[in-house]
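Report on the following structure.
Read the figures in this text as sums done on the coordinates, not as results from a lab. These figures come from a predicted structure and were not determined experimentally. Reconstructed Cβ throughout: ideal geometry from the backbone, glycine too, with neighbour counts over all protein chains shown.
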Amino acid sequence: MQIIEEIKKLKKEKNAVILAHCYQPVEIDEVADFVGDSLYLSRMAATTDADIIVFAGVHFMAQSAKLINPDKKVLLPNEKSGCFMADMINVEYLREFKSKYPNIPTVCYINSTAEVKAECDICCTSSNALKIVKSLNSDKVLFLPDTYLGKWVESKLENVEVITYNGFCPTHLKIRPTDIEQARKKYPNAVILAHPECHYEVCKMVDFVGSTKEIMDYVVKSNEKEFVIATEKGVVERLQRDSKINNWGKSFYLIKEDIICQNMKWNTLEDIKYSLENECYEVNVDAEIFDKARQTIERMLEVK
Ligand code: 13P
Ligand code: SF4
């Protein structure tokens, strides 16, 4: 496709790197240097020597890349790409939440704004949330904005109370326990995998709970042949593509058809080309909160 060649040429000319989340439209992988989950992409953002980072994902991801790379230009191809969960908490709500539980360490999910990150102790993603909470060595932790990820972490720990803010992901909450029951009946031999943003009743019923990349790694290693995926459609599309290319002989079924994050689907190849040509839309973070928000992410990246 001509546009793919044009984007690759622009990337070279501008010394740019393209990071793509695995919920993005699948054709974006053709131009991406790295495709994965939030943690993997944050780590890649931390190691790149490109001058420009084009983040094919949602705003908080591009903002996190900017916090890790203050001297680089970070671009979000389509300005509409927000995150409903990240928008459920702001600094005012955060302060109110913290004031109810004073002197307890506060963990923010990476799905939050830089302003919110600046007032938390440490950040986490879905693949390291458990490790991050454990690293605090505290019997109580405040966790925000995702109540379900927080409660899933709590269920994996003994003697740690995870006090959660009441945020959630509308896309993952569409998955109901009855969907899991129906999938078990329809695909009795399938392994069912879910993202921890799903309702905890759903997480309790499935065979594996993990971040998008953990789900993808699990199925690659597994000897099983059928998998039902309870997360955003982009993960299933990538697995189906890779199975075909590599002759895995594995089948993947999305738990139900409408598990789509519209925010993740705004970016197109045309937007990426426009973004590189015009160096837009640049993501910046206010100077007053920059260092504090950055430290919250850096503390996470330091946890081994
Ligand atoms: P991952 O960290 O698993 O990529 O999740 C990000 C996200 O927004 C899931 O809804
Ligand atoms: Fe946000 Fe949910 Fe979309 Fe993830 S899937 S980016 S949490 S709205």
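A few notes on this one:
- Computing Rg and the Kirkwood Rh from the Cα coordinates of the chain gives a ratio, Rg/Rh, of 0.97.
- Over 30 Å between alpha carbons, listed pairs LYS12/LYS131; LYS11/LYS131; LYS174/LYS225; LYS225/LYS273; LYS98/LYS233: LYS12/LYS131; LYS11/LYS131; LYS225/LYS273; LYS98/LYS233
- Between region 274-295 and region 1-42, the alpha-carbon center distance in angstrom: 19 Å
- Per-residue HN-Hα couplings for region 237-244 [Karplus 6.51, -1.76, 1.60; θ = phi - 60°; Hz; x = Gly/Pro]: 4, 5, 5, 5, 4, 5, 5, 5
- The magnitude of the dipole of region 167-276, with charges of +1 and -1 set on the Cβ of Lys/Arg and Asp/Glu and taken from the Cα centre, is near 240 debye.
- Taking the chain as a whole, the Cys residues whose C-beta sits 4.7 Å or farther from every other Cys C-beta are CYS22, CYS83, CYS123, CYS124, CYS169, CYS198, CYS203, CYS261, CYS280.
- Only DSSP H runs of four or more residues enter the estimate; each adds -39500 (n - 2.57), and after division by the residues of the chain the mean residue ellipticity at 222 nm equals -12500 deg cm²/dmol.
- Distant-in-sequence amide contacts of TYR109, defined by a placed amide H-H separation under 5 Å and a gap of 5 or more residues or a different chain, comprise CYS124, LEU144, ASP146.
- Across region 112-127, rounded Karplus estimates of 3J(HN,Hα) from the backbone phi angles (6.51 cos²θ - 1.76 cosθ + 1.60, θ = phi - 60°) give 7, 7, 4, 4, 5, 4, 4, 10, 10, 7, 7, 9, 8, 10, 5, 7 Hz, Gly and Pro being marked x.
- Listed values for region 155-161 are Karplus-derived 3J(HN,Hα) couplings in whole Hz (6.51 cos²θ - 1.76 cosθ + 1.60, θ = phi - 60°), namely 5, 8, 10, 9, 6, 10, 8, and x replaces Gly and Pro.
- For MET1 and GLU96, the FRET efficiency from 1/(1 + (r/R0)^6), where r spans their Cβ atoms and R0 equals 41 Å, is about 0.25.
- Computed Rg/Rh of region 11-110, alpha carbon atoms with Kirkwood Rh: 1.05
- Amide proton proximity set for ILE192, modelled H, under 5 Å, gap of 5+: ASP207, PHE208, VAL228
- With the charge dipole of region 103-167 set up from +1 on Lys and Arg Cβ and -1 on Asp and Glu Cβ about the Cα centre, the Cα lying farthest toward the positive end among the listed residues ILE132, ILE163, ILE104 is that of ILE132.
- With the biggest extent put first, the Cα atoms of region 29-183 measure 45, 44, 27 Å across the principal axes.
- Rh by Kirkwood over Cα pairs, then Stokes-Einstein D for region 157-304 at 1.567 mPa s and 4 °C, µm²/s: 72 µm²/s
- Linear extension gain, LYS185 paired with ASP291, 0.36 nm per residue minus alpha-carbon span: 33.0 nm
- For the chain, the relative contact order works out to 24 percent when only alpha carbon pairs closer than 8 Å and six or more residues apart are counted.
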